[in-house]
1. Could you tell me which GluC sites (Glu not before Pro) in the range 199-241 are loop residues by DSSP with no more than 11 other beta carbons within 10 angstrom of their beta carbon?
2. For the range 281-416, which whole percent of the accessible surface, found with a 1.4 angstrom probe, sits on carbon and sulfur atoms?
3. Please report, in debye to the nearest 20, how large the charge dipole of the range 195-342 is about its Cα centre when each Lys and Arg carries +1 at its beta carbon and each Asp and Glu carries -1 there.
4. Could you please state how large a percent of the accessible area of the range 146-194 is carbon and sulfur, counting protein chains only and using a 1.4 Å probe?
5. Between their Cα atoms, which of Lys178/Lys370; Lys171/Lys309; Lys171/Lys324 are more than 26 Å away from each other?
6. Restricting attention to the range 265-297, which trypsin sites (Lys or Arg not before Pro) occupy a DSSP loop and are surrounded by at most 13 other Cβ atoms within 10 Å?
7. What relative contact order, as a whole-number percentage, does the range 195-342 give when Cα pairs under 8 Å and 6 or more residues apart are counted?
8. Take the cross-link list Lys230/Lys276; Lys121/Lys160; Lys193/Lys348 and give me the ones stretching past 24 Å between alpha-carbons.
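The values are calculated or read from the model by the stated rules, or taken from the named source; none is laboratory data. Computed from a predicted model, the values in this text were never measured in an experiment. Ideal geometry is used to build each Cβ from the backbone, glycine not excepted, and the neighbour counts take in all protein chains shown. Protein only, heavy atoms only, side chains kept; ligands, DNA and RNA dropped before computing areas. Shrake-Rupley method; radii C 1.70, N 1.55, O 1.52, S 1.80 Å.
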Amino acid sequence: MKRLSVLPQQSLLLMTCLLMALEAVPIDIDKTKVKAEGHVEGEKVENPDTGLYYDEYLRQVIDVLETDKHFREKLQTADIEEIKSGKLSRELDLVSHHVRTRLDELKRQEVARLRMLIKAKMDSVQDTGIDHQALLKQFEHLNHQNPDTFEPKDLDMLIKAATSDLENYDKTRHEEFKKYEMMKEHERREYLKTLDEEKRKKEESKFEEMKKKHGDHPKVHHPGSKDQLKEVWEEADGLDPNEFDPKTFFKLHDVNNDGFLDEQELEALFTKELEKVYDPKNEEDDMVEMEEERLRMREHVMNEVDINKDRLVTLEEFLRATEKKEFLEPDSWETLDQQQLFTEDELKEFENHISQQEDELRKKAEELQKQKEELQRQHDQLQAQKQELQQVVKQMEQKKLQQGNPPAGPGGELKIQPPSEHKAGDAPQHPAGGDQPLPPGHVQEPAVRTDQVHP
């Protein structure tokens, strides 16, 4: 089965693996309660945020490529292997000049954004001499060696990066959830250490009581089984359970009418089962655990039903799954509260890691405190030197005034008094032979000495 055909109802269906990735991100919406309506011709269907750090760039590239008629025609005949192998990327050389120009612009903007993020990160640790070109190597969704133009290699790298990142999306979520659970247990144990024996016993008793209360819930149907789907048919869809029909069920829950059940539409089918175990009003029920349970259910059904592993369920795949023995007589489903999420050794290793991080943060805090104290000492020293200098300047000015010299200005220049401020007796001396100053241009002749002897 081809993973993608460009349908009028979904203009965002550009490339198989990219849109597979876009549709693969779980969204917590109960689509069984959303009325299915036909899409208007040409209507744009918004896909959920992928969670990738280059999500906006990915979407913009998809939107621009969709505007090229040649590329869209090639896409209609391409299968998933051609896209992943990079064969489709080579078609980029045949797109219009306008499209290539716009893609060049998008890439330059993305490179500028990444460089800005790198600089901000480096500035936060007070690093200098940043080599942006070297640091850009860590970003695998574009060709950093050519930051100015969007080439076939860029499209190939974007496809492979998005496919790989989103294939690992679930794995990453499971790892983060496990860390979350270990942190909860770590904090609980650390809190118990702060209590006296009586309060500690009381707290532990409360903890066991909440665990028991959480585990006391109705039976959860096996995800994707006939009993589970019939419950949705009856309670969410309001239909007669005796008239359950898999084909009608599929079409009813294909909310966007694209011929597939994507991962969001599948997850919406598990809402009734999750409500048996989790209630946001209950103190003992953790909504983070509920989302992990939803993810586990969706993964299980995909593994059982999605034959070609394209992360979409076709009507053919769905009907084939309903013919299996597991659909009619499934095994019991173990919820998270019935499983051991981590071992004591794993918890101990996690706590050691936390302890190391705390030690590193403590050392950094001490270093920063020392730097702060040193800067404060230098500041105080400069202030003291400034005050001493100001005192010396003041004393020098006072001494000059006492000696009759004009005081110095702020920059050390002399403050010359105007002629009108001369004191009596300080009038300038005029040339000999007169009390008035000489007229301009007159050269004074030397005075004749009376004792000079003439021949």
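1. Working: sites: Glu203, Glu204, Glu208, Glu209, Glu231, Glu234, Glu235; in loops: none.
Passing sites in the range 199-241 do not exist.
2. Details: 4890 of 10030 Å².
Of all accessible area on the range 281-416, carbon and sulfur atoms account for 49 percent.
3. Working: 24 positive and 45 negative charges, 47 e Å.
The dipole of the range 195-342 has a size of about 220 debye.
4. Working: 1340 of 2630 Å².
Solvent-exposed carbon and sulfur of the range 146-194 make up 51 percent of the total.
5. Working: Lys178/Lys370 37 Å; Lys171/Lys309 16 Å; Lys171/Lys324 28 Å.
Checking Cα-Cα distances, Lys178/Lys370; Lys171/Lys324 exceed 26 Å.
6. On the way: sites: Lys272, Lys276, Lys281, Arg294, Arg296; in loops: Lys281.
When the trypsin sites (Lys or Arg not before Pro) of the range 265-297 are filtered for loop state and at most 13 Cβ neighbours within 10 Å, Lys281 remain.
7. Values: 131 pairs, mean separation 47.1, N = 148.
It comes to 32 percent, rounded to a whole number.
8. The pairs that break the limit, which is 24 Å between Cα atoms, are Lys121/Lys160.
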